[in-house]
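Structure, as structure tokens:
The values are calculated or read from the model by the stated rules, or taken from the named source; none is laboratory data. Note that the coordinates shown come from a computational prediction; the quantities given were computed from them, not determined experimentally. Methodologically, a virtual Cβ is constructed for each residue, glycine included, from the backbone with ideal geometry; neighbour enumeration extends over all protein chains shown.
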Protein chains: 2
Amino acid sequence: MTIKTELQVSLDERSYPIYIGSGLLGDAALYRPFIAGKRVMIVSNDTVAPLYLALLESALSDYEVSSVILPDGEQFKTLDTVNRIFDDLLKGRFDRQSTLIALGGGVVGDMTGFAAACYQRGIAFIQVPTTLLSQVDSSVGGKTGVNHPLGKNMIGAFYQPRSVVADTRTLSTLDDRQLSAGLAEIIKYGLINDIEFLQWLENNMPALVARDEEALAWAIERSCKDKADIVAQDEKESGVRALLNLGHTFGHAIEAGAGYGVWLHGEAVGAGMLMAAEFSQQLGMLTSADVERVQVLIDAAGLPIQPPAFTAEAYLDLMSVDKKAINGRIRLVLLKALGDAQVVADYPYEQLQNYLQKFS
Amino acid sequence: MTIKTELQVSLDERSYPIYIGSGLLGDAALYRPFIAGKRVMIVSNDTVAPLYLALLESALSDYEVSSVILPDGEQFKTLDTVNRIFDDLLKGRFDRQSTLIALGGGVVGDMTGFAAACYQRGIAFIQVPTTLLSQVDSSVGGKTGVNHPLGKNMIGAFYQPRSVVADTRTLSTLDDRQLSAGLAEIIKYGLINDIEFLQWLENNMPALVARDEEALAWAIERSCKDKADIVAQDEKESGVRALLNLGHTFGHAIEAGAGYGVWLHGEAVGAGMLMAAEFSQQLGMLTSADVERVQVLIDAAGLPIQPPAFTAEAYLDLMSVDKKAINGRIRLVLLKALGDAQVVADYPYEQLQNYLQKFS
């Protein structure tokens with residue numbers, strides 16, 4: 001079976017292709033047009049590098065290739081770790097015509113993109129996402145950055161890759177938790193504005209969990225398309241792009257409250273989406289049958305559906321530092337219906353407090 | 001005497017005004033249109049804050065204003081110091097609708113701009129440059145960033161302020177070295193492509209050194225205009241903007257080699273421009289009379305004309321890490337004539353080695 005799709009993310013002169021398929025990682029032709037000069041620095045982590053670094057290096061044999069291997073984990077997504085990339089670039093005298101390639105999941109991609117955005121005020125970079133989550137999320141949209149002890153993704157840049165190579169074969173080495181975390185973001189696209197896709201997911205979740213490569217490739221393609229459509233309308237998140245944060249304000253509170261790395265980002269988003277659905281129901285926007293469908297789907301993806309037991313105050317405190325807050329007000333992405341998300345800021349604050357009390 | 005000029009930097013939707021004049025710092029009307037939300041964080045340093053922070057705060061009495069005071073000096077222009085700004089922003093729960101104001105010289109402006117570029121992936125910022133150098137240099141062009149032990153300005157972003165308020169009255173508290181450092185950048189604009197301005201500077205250098213406010217305001221305006229014209233043509237420095245680096249490759253080597261903070265940036269650029277002129281003469285591009293004019297003018301500005309005694313190898317080593325290097329080749333901005341700079345990469349490398357030997 002050969003699968004290979006090319007999607008275009010349309011952002012004027014910053015447009016770029018996403019290649020999705022099986023066995024693409026070692027295909028030199030997919031990289032060559034997007035490498036700026038002669039020198040390439042691959043950024044990876046100590047889980048992914050042993051599996052795929054040699055294959056990628058062999059595809060880049062026409063270039064002078066170095067690599068920097070970072071420790072694996074969300075807890076290392078910090079300014080200090082990005083500084084290690086800068087150290088290696090400067091020690092190696094990489095100039096402005098160099099290219100960074102991110103080989104790994106979302107953490108590697110976000111840090112590599114941010115390093116590329118800032119090194120000498122901007123050099124080329126290519127994303128090679130090796131997790132399901134990063135293939136459907138960080139491949140599209142140009143959000144890069146790091147965490148701060150006081151908030152997730154608080155430091156970063158909007159910076160687009162030259163291209164994205166999403167090889168579905170890398171998903172075979174992903175552990176079950178990571179696979180499920182990716183499925184959470186896939187479900188998100190259905191919930192936001194693609195009811196047809198949501199129904200497809202309800203029917204095909206067993207195949208996705210069983211890692212059927214064709215089903216995965218199709219789900220990745222549809223997710224990237226859905227996201228690319230939204231990002232093309234609103235690159236800098238001044239409007240519709242905010243919908244992509246469905247489940248993220250609750251989710252970031254879960255991640256930060258539990259300590260980065262305890263909950264996977266996708267797991268927190270999964271539980272966060274269910275919280276968003278439940279709170280939408282409390283505001284009279286969803287039916288209990290709708291919430292039930294969300295819960296069944298998230299559960300079928302192998303994701304936790306029970307948020308951690310924090311007090312309502314702790315949740316509110318963690319949520320208010322989120323970037324989605326405007327002038328102190330917590331804006332939430334909620335569901336008017338399945339497949340129809342919207343940003344809501346004018347709900348009664350006490351109602352949110354009441355809802356959150358059930359977890360404490 | 002009242003002086004007040006408004007210049008526009010034309011960069012499409014990122015265009016912004018520069019206000020130049022005497023006593024502008026406390027004028028609330030110059031800030032109001034450019035502040036995003038209700039909250040403002042002023043970033044300053046421990047030299048400038050005691051002089052001007054209270055005045056600026058009083059002009060912003062309609063807003064919720066905080067401040068962060070950094071240690072003064074190029075040696076503090078680091079990622080760690082920028083992280084202190086992030087810490088304060090996050091502790092204070094500043095959201096995306098917040099505004100940063102840089103009150104100080106180039107170091108404060110570069111770090112504040114970089115913090116604004118990266119905080120929550122970009123918030124508004126306003127420059128209030130209080131040194132001559134920052135009024136003519138960092139006010140225009142959107143270069144922000146920090147130094148790395150292995151190279152100057154290696155980490156940063158292109159990020160434009162909403163507006164710039166250059167109050168010439170702040171120059172009265174500047175020490176002589178800082179004033180001369182600013183004059184170096186002013187001379188640069190004449191040397192690059194404005195022979196008429198260069199001649200004006202030759203006639204008016206005594207007035208500038210004596211801090212004649214009218215002469216200073218005119219020189220600032222002309223410098224900002226010259227720079228804005230170049231930046232408008234080439235925001236991201238892919239072409240003509242590189243000419244603004246006249247004296248900078250030599251100058252950065254001087255600064256880095258001597259240790260940041262020993263030579264002021266403007267002093268290093270002054271000596272670096274003279275080196276560029278001398279090397280241009282060795283390549284047959286300038287006459288000895290031209291070089292003599294450059295030397296006399298730099299000397300008249302109160303700037304050192306003798307570069308430090310490093311070996312040729314040390315100079316070359318320090319110069320090759322500079323951002324202006326492409327694929328390892330050191331590109332230099334040289335002078336075809338006074339008022340006519342160009343980027344040169346095809347000179348004989350040995351000739352540069354020979355030229356540099358005279359300093360060791």
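So which of A:PRO149, A:PRO206 ends up being surrounded by fewer than 21 Cβ atoms within 10 Å (Cβ to Cβ) and modelled with pLDDT under 95?
Unique residue meeting the criteria: A:PRO149.
Does segment B:23-37 include one or more residues that are within 25 Å of B:GLY182 (Cα to Cα), touching a helix residue (DSSP H, G or I) at 6+ places or on another chain (Cβ under 6 Å) and in a strand (DSSP E or B)?
No, every residue in segment B:23-37 fails to be within 25 Å of B:GLY182 (Cα to Cα), touching a helix residue (DSSP H, G or I) at 6+ places or on another chain (Cβ under 6 Å) and in a strand (DSSP E or B).
Being within 14 Å of another protein chain (Cβ to nearest Cβ) and touching a residue at least 60 places away in the same chain (Cβ under 8 Å) is the filter here; which residues of segment A:3-40 pass it?
A:ARG14, A:ILE35, A:ALA36, A:GLY37, A:ARG39, A:VAL40
In segment B:51-77, what residues are surrounded by 17 or more Cβ atoms within 10 Å (Cβ to Cβ), within 17 Å of B:VAL146 (Cβ to Cβ) and either within 21 Å of the chain's Cα centre (by Cα) or within 14 Å of another protein chain (Cβ to nearest Cβ) (or both)?
B:LEU70, B:ASP72, B:GLU74, B:PHE76, B:LYS77
Taking into account only those residues within segment A:158-191 that are touching a Phe, Trp or Tyr at 6+ places or on another chain (Cβ under 7 Å) and assigned to a helix (DSSP H, G or I), which is nearest to A:LYS227 (Cα to Cα)?
Among residues in segment A:158-191 that are touching a Phe, Trp or Tyr at 6+ places or on another chain (Cβ under 7 Å) and assigned to a helix (DSSP H, G or I), the one nearest to A:LYS227 (Cα to Cα) is A:TYR189.
Mind telling me which of the residues B:LEU216, B:LEU174, B:LEU244 ends up being away from chain A (no Cβ under 14 Å) and buried (at least 21 other Cβ atoms within 10 Å of the Cβ)?
Exactly one residue qualifies, and that residue is B:LEU216.
Quick one: B:SER238 ticks every box in (1) in a loop (DSSP other than H, G, I, E, B); (2) touching a residue at least 24 places away in the same chain (Cβ under 8 Å); (3) more than 24 Å from B:ALA166 (Cα to Cα) except a single one, so which number is it?
(2)
Restricting attention to segment B:109-162, which residues are away from chain A (no Cβ under 11 Å), in contact (Cβ under 8 Å) with a residue 60 or more places away in the chain and aliphatic (A, V, I, L, M)?
B:MET111, B:ALA124, B:ILE126, B:VAL128, B:LEU132, B:LEU133, B:VAL136, B:VAL140
Out of (1) within 19 Å of A:ARG169 (Cα to Cα); (2) surrounded by fewer than 19 Cβ atoms within 10 Å (Cβ to Cβ); (3) not acidic (Asp, Glu), the odd one out for A:VAL48 is which?
(2)
Please verify whether segment B:291-309 includes one or more residues that are of a type in the set (Gly, Ala, Ser) and surrounded by fewer than 16 Cβ atoms within 10 Å (Cβ to Cβ).
yes
Listed residues B:ARG84, B:ARG14, B:ARG39; which is charged (D, E, K, R), surrounded by 14 or more Cβ atoms within 10 Å (Cβ to Cβ), in the same structural domain as B:GLY109 (by TED's automatic domain parsing) and closer than 25 Å to A:VAL82 by Cβ?
Answer to the selection: B:ARG84.
For A:VAL165, which of the numbered conditions (1) within 28 Å of A:ASP46 (Cα to Cα); (2) surrounded by fewer than 22 Cβ atoms within 10 Å (Cβ to Cβ); (3) modelled with pLDDT of 95 or more fails to hold?
Going through (1) within 28 Å of A:ASP46 (Cα to Cα); (2) surrounded by fewer than 22 Cβ atoms within 10 Å (Cβ to Cβ); (3) modelled with pLDDT of 95 or more one by one, A:VAL165 breaks only (2).
Determine whether A:VAL48 is modelled with pLDDT of 90 or more, within 22 Å of the chain's Cα centre (by Cα) and over 18 Å from A:ARG96 (Cα atoms).
It is true that A:VAL48 is modelled with pLDDT of 90 or more, within 22 Å of the chain's Cα centre (by Cα) and over 18 Å from A:ARG96 (Cα atoms).
Only one of (1) modelled with pLDDT of 95 or more; (2) surrounded by 21 or more Cβ atoms within 10 Å (Cβ to Cβ) is not met by A:ILE195, so which one is it?
Looking at each condition in turn, A:ILE195 falls short on (2).
Cβ-Cβ distance below 6 Å, separation of 6 or more or different chains: which pairs start in segment A:331-354 with a residue that is closer than 12 Å to A:LEU246 by Cβ and end on one that is among the hydroxyl-bearing types (Ser, Thr, Tyr)?
Close Cβ pairs (under 6 Å, with a partner that is among the hydroxyl-bearing types (Ser, Thr, Tyr)) amount to A:LEU332/A:THR249; A:LEU334/A:SER280; A:LEU335/A:SER280.
In segment A:1-21, which residue that is in a loop (DSSP other than H, G, I, E, B) and under 12 Å from A:GLN160 (Cα atoms) is modelled with the highest pLDDT?
The residue in question is A:SER15.
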